Amino acid sequence: MRVIDIENWERKQLFEHFSRLHDPYFGLTIPFDVTQAYKISKEKDISFFGKYLHDCMKAINEVENFKYRIEEGRVVAYNTIHASATMIREDKTFGFSFIDYDEDLKVFLKNVASEKDRIKSTKELYPPKNGQDCIHCSALPWVSFSGHKEPASDKIESVPRLAFGKATVVDDKLIMNVAISANHALVDGYHVGLFSEKFQKYLNQ
């Protein structure tokens, strides 16, 4: 982790402007072609969720601005971003996970499975390991949405939030809408566009 020198940062004015807003988050919903990712998950007998989440995290970790966080008035950049995904239990409640990111898909899938097992065996909402070096994400495989709003607190927040919708067939392709919201003091539309290009590239591999 490193501390950003805000006074000499090219985003200084943007950071100060959006930091003054009551709600500096902006959000977009983007359709992704998950045809190949779904096919690969079935061929390899692996979790479709685990496959596309890994692709997402690869993309997130390649975009510098998605690694920025606001902590105690400072802007810091983390070296690695992990996944904090909601995971459902049999009683339809859920718990927050903290899935350590690894470039190796097999290792990442083991980390996903471990967190699923932990959440199923406890009623705790929060994971024992937690921090801002993550993205917050949820899978909503029951509905295909074209818009999405995340809950907001009265605290300064800077962790990006993603929601993955139901994959549906459109023109012979499997399309999944993904909602993404981020603090505009740290992230712009350009960075979301860069992320989306990388995410789609990995989904196709």
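The values are calculated or read from the model by the stated rules, or taken from the named source; none is laboratory data. No experiment lies behind these values; they were computed from the predicted model shown. No Cβ is skipped: glycine too gets one built from the backbone with ideal geometry, and neighbour counts run over all protein chains shown.
Screening ASP133 with (1) touching a residue at least 40 places away in the same chain (Cβ under 8 Å); (2) surrounded by fewer than 13 Cβ atoms within 10 Å (Cβ to Cβ); (3) more than 18 Å from PHE199 (Cβ to Cβ) gives one miss only, at (2). Only one of the numbered conditions (1) surrounded by fewer than 18 Cβ atoms within 10 Å (Cβ to Cβ); (2) closer than 24 Å to SER47 by Cα; (3) polar (S, T, N, Q) is violated by SER153, and that is (2).
If the condition is being of a type outside the set (Ser, Thr, Tyr) and out of contact with any helix residue (DSSP H, G or I) (no Cβ under 6 Å at 6 or more places or on another chain), then segment 187-205 contributes ASP188, GLY189, VAL192, GLY193, LEU194, GLU197, GLN200, LYS201, GLN205. Screening the candidates PHE164, PHE195, PHE199 for the property of being aromatic (Phe, Trp, Tyr), out of contact with any strand residue (DSSP E or B) (no Cβ under 7 Å at 6 or more places or on another chain), buried (at least 21 other Cβ atoms within 10 Å of the Cβ) and at pLDDT 95 or above yields one hit, PHE195. Note on segment 130-150: among residues that are over 29 Å from ASP45 (Cα atoms) and not polar (S, T, N, Q), the one that is farthest from the chain's Cα centre (by Cα) is GLY147. For segment 155-162, the count of residues that are within 13 Å of the chain's Cα centre (by Cα) and over 30 Å from TRP9 (Cα atoms) is zero.
Yes/no matrix, rows are residues, columns are (1) within 27 Å of GLU90 (Cα to Cα); (2) in a loop (DSSP other than H, G, I, E, B); (3) of a type outside the set (Ser, Thr, Tyr); (4) touching a residue at least 60 places away in the same chain (Cβ under 8 Å):
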position	(1), (2), (3), (4)
LYS116	yes, no, yes, no
LYS129	yes, yes, yes, no
PHE164	yes, no, yes, yes
VAL178	yes, no, yes, yes
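Taking HIS184 as the residue in question, decide whether it is surrounded by 18 or more Cβ atoms within 10 Å (Cβ to Cβ) and in contact with a Leu (Cβ under 8 Å, 6 or more places away or on another chain). Against the criterion (surrounded by 18 or more Cβ atoms within 10 Å (Cβ to Cβ) and in contact with a Leu (Cβ under 8 Å, 6 or more places away or on another chain)), HIS184 qualifies. Looking at segment 184-203, I want the residues that are in a helix (DSSP H, G or I) and have a partner that is crowded, with 18+ Cβ neighbours inside 10 Å and among the charged types (D, E, K, R) with Cβ atoms under 7 Å, at least 6 apart or on another chain. Which pairs are those? Matching pairs, first to second residue: PHE199/ASP55; TYR202/ASP55; TYR202/LYS58; LEU203/ASP55.
List every residue pair whose Cβ atoms sit under 8 Å apart, with the two residues 6 or more apart in sequence or on different chains, where the first one lies in segment 47-60 and is more than 17 Å from GLU197 (Cβ to Cβ) and the second, anywhere, is part of a helix (DSSP H, G or I) and among the β-branched types (Val, Ile, Thr). Listed by first residue and then by second, the contacts come to SER47/VAL112; PHE49/VAL112; GLY50/VAL112; LYS51/ILE40; LEU53/VAL112.
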